[in-house]
Amino acid sequence: MIASGRIKLLPPDLVQLIAAGEVVERPLSVVKELVENSLDAGARNIWVEIEGSPDAHLLVSDDGEGMSREEAVLAFERHSTSKISESEDLDRIVTFGFRGEALPSIASVARVKLTTLREGDQTGCEIELEGGKALDVRDAGRGKGTSVLVRDLFFNTPARRKFLKTVRSEMKAIAKLITAFSLTTPACAFYVVHNGRKTLTLPPAQDLRERMTTIFGERTVDSMVELLPGMSGVELRGFLGKPELSRNSAEHIYIFVNSRWIQSALLMKALKEGYRDLIPRDRYPMAVISLIVDPAQVDVNVHPSKREIRFKDERLVFETVRGCVRQSLSPHGTELPAGEHGWIGHETWIGHGGEDKFRGPGVRGHLRDGGTGENRGFPYESRPDMEAGISFVRELLTKEGGEESPKAETDREDVGLVNLWQLHGTYILGETKGGLVLIDQHAAHERILYEHAMGSFKGQDRASQQLLFPLVLDFAKDEFENFLEMSQWLKKLGFDLVVFGERTVLVRGIPSSLRRWDEGQALRDIVDFFSEDSGDEFPPEEKAARAFACCGAVNAGEVLNQQEMNWLINALFLTKVPDGDPHGRPTFIRVSLAELEKRFGRR
Ligand code: ADP
Ligand code: MG
């Protein structure tokens, strides 16, 4: 080690470990790097096989061009790459890899065995490494291609092990990543195998549309429109879900730039802006969008994970995407009226100004004021009788008053609201004996539905409402796994479901407390919400109840009438914990007369 005073040059193996941390964050990043290598090698079939936990045993195999023995040994040297050789190449990167860092980084934090046979060679070779050090290089037989087995990831960096996600969520992330890769390379087949079971099979496809059909199902793809091709400089390809396919998360949006699956706030905004006024602002479209831009116009060398990129001309890219999305969605190919605001600049983007800010998400409030009849109201059949509700609460107060803490007692005393106002389509304002109360309508309804759901899981009968026209729903492949995981809870909630086929469900009935159904979108939303709930420590029924509550509840921005507001408040105070929603947010705020008097200087 070279040392001079307090400053020392780090020993090379430590440098290696630090750099590896940037490339290899978790098992998912190993899959990403290895699959990229396989694609760069021209593979037609890629297998990802996992035994037990993805950090314990992960194998990626391909039938790509393979490597000679010398190349294979060299591949584990830092900054050895066959993909670029001079600095100008950085401006025209067309392969996934280019840093020559992945293999050495993975090898430095795991036990790795690479087996490869180059096209035309008689014998292949096998290299074993542990913690970055080569243990053995020997001849080996195999077909053309390369396999990399990665075991005991982070065995020598215990601090990293602590941050590993659960097997379930890592497997999901891997399936999602492979799905994304498969959308850029339809001709290549992908297989994910977990503990010997095929969990994802994507056979080779003719084109993007066929690949999308495998992933999302025919019915879904049939209700998508093809994206217009863009312009020279910023070419576009892909498909857009019609507005009625909108979802409650960005889960079903895939954006690629020069075949790289990327995350870009800029492109996400351009896409959402393209859908402006076609879907509510708090919803997301389904979309697969692929941009082809001159490699010199993008910088992918921003982050080691290569998922972030930078454009030289952000404005051009933004306007092209926004405009093409909008035009593709318009039925006659003419541009729909654009939003009042176009480009403001990536960092300073505000999107909306004016009144909208005060109306909560979207302009739906205005629409409903205009009497479009969009507001369906609460399902009346599931409402407790209002009068009975109020007297029940009063009874509750007199009976339980003694046992409650003094604070809770006054809370309860406040019940019995009559005159209600809705503020900004979001809050309900009511006069109480002791002052006033402000209720968050979404949070309150969530609490009510959550307790209904938990009750139905405990065996209390859940009212179900038969659909006049049973609905056939196609789920995307990964979504269907989530659906199956959840289906027992859905049935208890009152969904009448029949599964047929690999991803298709027939819905015959829905819970009568469900406020919106939207041709099955509500069910998709619930499944999405359930699978994205990161609270792995919570029992599944609680997550199911939360998903049902959040997706079934009235949204902020929805106009309610007096009757609906009264029902909501009475039902809220009939729950066990009226004070908070299932996520711990408050459902209501009280302001006492005393406080008002103080603020007005009356006292
Ligand atoms: P990079 O992909 O940035 O070049 P890597 O460390 O991922 O760096 O790989 C180093 C080199 O090893 C690659 O440039 C490529 O030549 C070779 N290589 C890696 N994986 C494969 C594979 N699956 N098939 C063929 N060659 C591979
Ligand atoms: Mg690579």
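The values are calculated or read from the model by the stated rules, or taken from the named source; none is laboratory data. It should be emphasised that the depicted structure is a prediction, and the values quoted were computed from it without experimental measurement. Glycine gets a Cβ as well: all are built from the backbone with ideal geometry, and neighbour counts include every protein chain shown. For the accessible areas, the whole protein counts, side chains as well, though only heavy atoms, and no ligand, DNA or RNA atoms are used. Shrake-Rupley method; radii C 1.70, N 1.55, O 1.52, S 1.80 Å.
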Q: Quick one: grab the alpha carbon gyration tensor of the range 93-210, order the square roots of its eigenvalues as a ≥ b ≥ c, and give me rounded if a/c is under 1.5, else prolate or oblate depending on whether a/b is larger than b/c.
A: oblate
Q) Sequence-distant or interchain residues sharing an amide H contact under 5 Å with ALA205, placed H: which? A) ALA187, CYS188
Q.
I'd like the Karplus ³J(HN,Hα) series for the range 116-124: coefficients 6.51, -1.76, 1.60, θ = phi - 60°, whole numbers in Hz, and an x wherever there's a Gly or Pro.
A. 8, 9, 7, 3, x, 6, 8, 10, x
Q: With unit charges on the beta carbon (Lys/Arg positive, Asp/Glu negative), name the residue among THR587, MET565, VAL554 whose Cα is farthest towards the positive pole of the charge dipole of the range 542-603.
A: THR587
Q.
Once neighbouring chains are kept in place and the probe is 1.4 Å, which whole percent of the accessible area of the range 480-603 is contributed by carbon and sulfur?
A. 52
(Q) If I stretch the segment between GLN562 and GLU519 completely, what's the gain in nm (0.36 nm per residue apart, minus their alpha carbon distance), one decimal? (A) 12.7 nm
Q | Of LYS165/LYS269; LYS165/LYS491; LYS458/LYS576, pairs whose Cα-Cα distance is over 24 Å | A | LYS165/LYS269; LYS165/LYS491
Q: Evaluate the distance, in nm, between pseudo-label points positioned 7 Å from the Cα of ASP277 and of VAL193 along their respective Cα→Cβ axes.
A: 5.4
Q: Any chance you could run the full-extension gain for LYS242 through VAL499? It's 0.36 nm times the residue separation minus the Cα-Cα distance, nm to one decimal.
A: 90.0 nm
Q) When the convex hull of the Cα atoms of the range 427-507 is projected onto a plane and the area is averaged over all directions, what value comes out in nm²? A) 8.0
(Q) I need the shape label for the range 205-292. Rule: rounded when a/c is under 1.5, else prolate if a/b > b/c, else oblate, with a, b, c from the alpha carbon gyration tensor. (A) oblate
Q | Under Karplus coefficients 6.51, -1.76 and 1.60, residue-wise ³J(HN,Hα) of the range 203-217 in Hz, glycine/proline x | A | x, x, 10, 5, 7, 4, 4, 5, 4, 5, 5, 4, 7, 9, x
Q | Eligible lysines near LYS144 by straight Cα distance, threshold 24 Å, same-chain separation 8 or greater | A | LYS32, LYS83, LYS113, LYS198
Q) Once a ≥ b ≥ c are taken as the square roots of the eigenvalues of the Cα gyration tensor of the range 17-81, is the result rounded (a/c under 1.5), prolate (a/b larger than b/c) or oblate (a/b not larger than b/c)? A) oblate
Q.
Just to check, using Stokes-Einstein with a Kirkwood Rh over alpha carbon pairs, what's the diffusion coefficient of the range 512-600 at 20 °C and 1.002 mPa s in µm²/s?
A. 138
(Q) Could you tell me the center-to-center distance, by alpha carbons, between the range 547-564 and the range 420-470 in angstrom? (A) 7
Q: Read phi for every residue in the range 219-229 and hand back ³J(HN,Hα) as whole Hz from Karplus 6.51 cos²θ - 1.76 cosθ + 1.60, θ = phi - 60°, with x for Gly and Pro.
A: 4, 5, 5, 4, 9, 10, 10, 7, 6, 5, x
